[in-house]
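First up is the structure itself, then whatever we jot down about it.
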Amino acid sequence: MEWSACVDEYEKLVIRMTTPRVVIDNAVCPTSTVVKVDSARKHGILLEAVQVLTDLNLSIKKAYVSADGRWFMDVFHVTDLNGNKLTDESVINYIEQSLGSVHYGQPNDFSGSTALELTGTDRIGLLSEVFAVLSDLQCSVADAKVWTHNGRIASLIHVKDSNSGARIEDVQLISVIEARLRNVLKGDNDIRSAKTSVSMAVTHTERRLHQMMFADRDYERKPILESVPTNSPALVTVQNWVERGYSVVNVQAKDRTKLLFDVVCTLTDMGYIVFHATVNTIGDRGYLEFYIRHQDGTPISSEAERQRVILCLEAAVKRRASEGVRLELSTSDRQGLLADVTRTFRENGLNVTRAEVSTMKETAQNVFYVTDVMGKPADGKIIESVREKIGLSYLRVKELPSLVYHKEGGERDEQAVGMAGTVLLSLGSMVRKNLYNLGLIRSYS
């Protein structure tokens, strides 16, 4: 056999050995779709697999992870957000193709826009000031995610030139944008920690937000405002299994979409390797257990490191916790829309704790979580007043905290039942909407 032929056969062998093998089974479990992934072990591969599933807004009810030498096996029990098995062939095919590719786990494609990273001290109305600056500088927001935690804010905003619709590449304009946003973030008392930058790195958006808040050390800070009370705080424990050389991390928290992603993302970016893991859901609680080591094969070695892991994982769970009323805005996109909407929130005493902004075919699809100025549940009358000002058919309430809307009698109960039906209907299309965003289907309606 000629040398070139030998090399070709060797390359084929390497591809077969390193390409993940994916099996999707709807028969083995009566309540969920089972996704099995076998692959060569490498740092971050578990995060990539979880990322593919959670980017489709799938719920991971159970999971088993085991690394045997150089081989890695993941088993995920997944459902859609309604708790049903996956039956849409386009979803199943996308999962197979994504998990089965050597280059899977690629970040969202925003190559046609300019990415702005912002971190600083959160305050009432800050988001409205940020969007007002961008509107004044003729920047249209194509996509944005905003997280707040412990009095800090992190945001990744993708902007375009509102006149040409193209990516902003003018160096002088970028410098002006950075300077003005930095002044907004500084306010009166955040001269040192406020940061703005244009990101050139290509990273998964939500992973990057975790990295930004981690670098900002939000896990060490105390919240400025009193947050919405919760009866189910995250519980994190870390112990060493000396005989086997593992550190065992246990996380108990209220179950929600992307809980596993948030925890695995944080462990990965802190430099730990997950060798074994189990995930289980009982009722509305998620139970996650990980057997980890450093990349050099050693377990956690000090009490200070153990406490740091606990604080970082608690922060990772809380950053995405939905505090406040969820408002969904769907309307024709226009210059200054976000500035106008968030200004209306501010003028009516509503504080945005989290936001997700996207634009699809000239239509703005935005989600805001809002509380009152003290971080407590917003008054229902104020919410309705804001809806009237923005447009009742454009701005809708999708989640109603019982602390806000609980009332004796049947009036509120009937409204809640009606709203719950609306929520279930809206959840049914979310997976297809994500595939539409990825360009894999023509319509998600």
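The values are calculated or read from the model by the stated rules, or taken from the named source; none is laboratory data. In this text the structure is predicted, and so the values were computed from the model without any measurement. When we count neighbours, we look across all protein chains shown, and the Cβ atoms used for this are built from the backbone with ideal geometry, even at glycine. With ligands, DNA and RNA removed, areas are computed over all heavy atoms of the protein, side chains included. Shrake-Rupley method; radii C 1.70, N 1.55, O 1.52, S 1.80 Å.
Per-residue extension of 0.36 nm, minus the Cα-Cα distance of Ser330 and Asp170, leaves a gain of 54.5 nm for this segment. Taking Lys195, Lys85, Lys318, Lys145 and ordering them by how much accessible surface each has at a 1.4 Å probe, largest first, produces Lys195, Lys318, Lys85, Lys145. Within straight-line reach of Lys318, meaning a Cα separation under 18 Å, sit the following lysines at least 8 residues removed in sequence or on another chain: Lys145, Lys222, Lys254, Lys258, Lys376. Over all pairs of different C-alpha atoms in region 331-390, the reciprocal of the mean inverse distance, the Kirkwood hydrodynamic radius, equals 12.1 Å.
Under the shape rule built on the C-alpha gyration tensor, where the axes satisfy a ≥ b ≥ c, region 262-360 is prolate, since a/c reaches at least 1.5 and a/b is greater than b/c. With R₀ fixed at 56 Å, the C-beta to C-beta distance from Ser393 to Asp38 puts the FRET efficiency at about 0.70. Taking θ as phi - 60° and the Karplus parameters 6.51, -1.76 and 1.60, the scalar couplings of region 362-377 work out to 6, 10, 7, 10, 10, 10, 10, 10, 10, 10, 7, 5, 9, x, 9, x Hz in sequence order, x denoting glycine and proline. In order along region 304-316, the Karplus-derived 3J(HN,Hα) couplings, from 6.51 cos²θ - 1.76 cosθ + 1.60 at θ = phi - 60°, round to 4, 5, 4, 5, 5, 4, 4, 4, 5, 6, 4, 5, 4 Hz, and Gly and Pro are given as x. For Tyr394, the accessible surface of its heavy atoms amounts to roughly 100 Å² (probe 1.4 Å, protein chains only, rounded to the nearest 10). For the pair Met374 and Thr87, label points projected 7 Å from Cα toward Cβ lie 4.9 nm apart. Simple spin-label estimate for Ala179 and Arg217 gives 3.0 nm between the two label positions (7 Å along the Cα-to-Cβ direction from each Cα). Residues whose amide H lies under 5 Å from that of Ser162, counting only those 5 or more places away or on a different chain, are Cys139, Ser140; hydrogens are built 1.01 Å from N in the peptide plane. In this label model, Lys361 and Asp284 are separated by 3.6 nm, measuring between points 7 Å along each Cα→Cβ vector.
What FRET efficiency would be calculated for the residue pair Ala27, Asp296, taking the C-beta separation as r and a Förster radius of 56 Å, to the nearest 0.05?
Between Ala27 and Asp296 the formula returns 0.85.
Once the Cα-Cα distance is subtracted from the 0.36 nm per residue extended length, the His276 to Gln239 segment shows a gain of 11.9 nm.
Each residue of region 271-282 was assigned a 3J(HN,Hα) from its phi angle through the Karplus expression (A = 6.51, B = -1.76, C = 1.60, θ = phi - 60°), giving x, 9, 10, 8, 8, 9, 7, 10, 10, 9, 10, 10 Hz with x at Gly and Pro.
Within region 323-389, list the GluC sites (Glu not before Pro) lying in a DSSP loop whose Cβ has at most 16 other Cβ atoms in a 10 Å radius.
Glu362
Considering region 62-181 at the alpha-carbon level, its Rg and Dmax are found to be 20.3, 56 Å.
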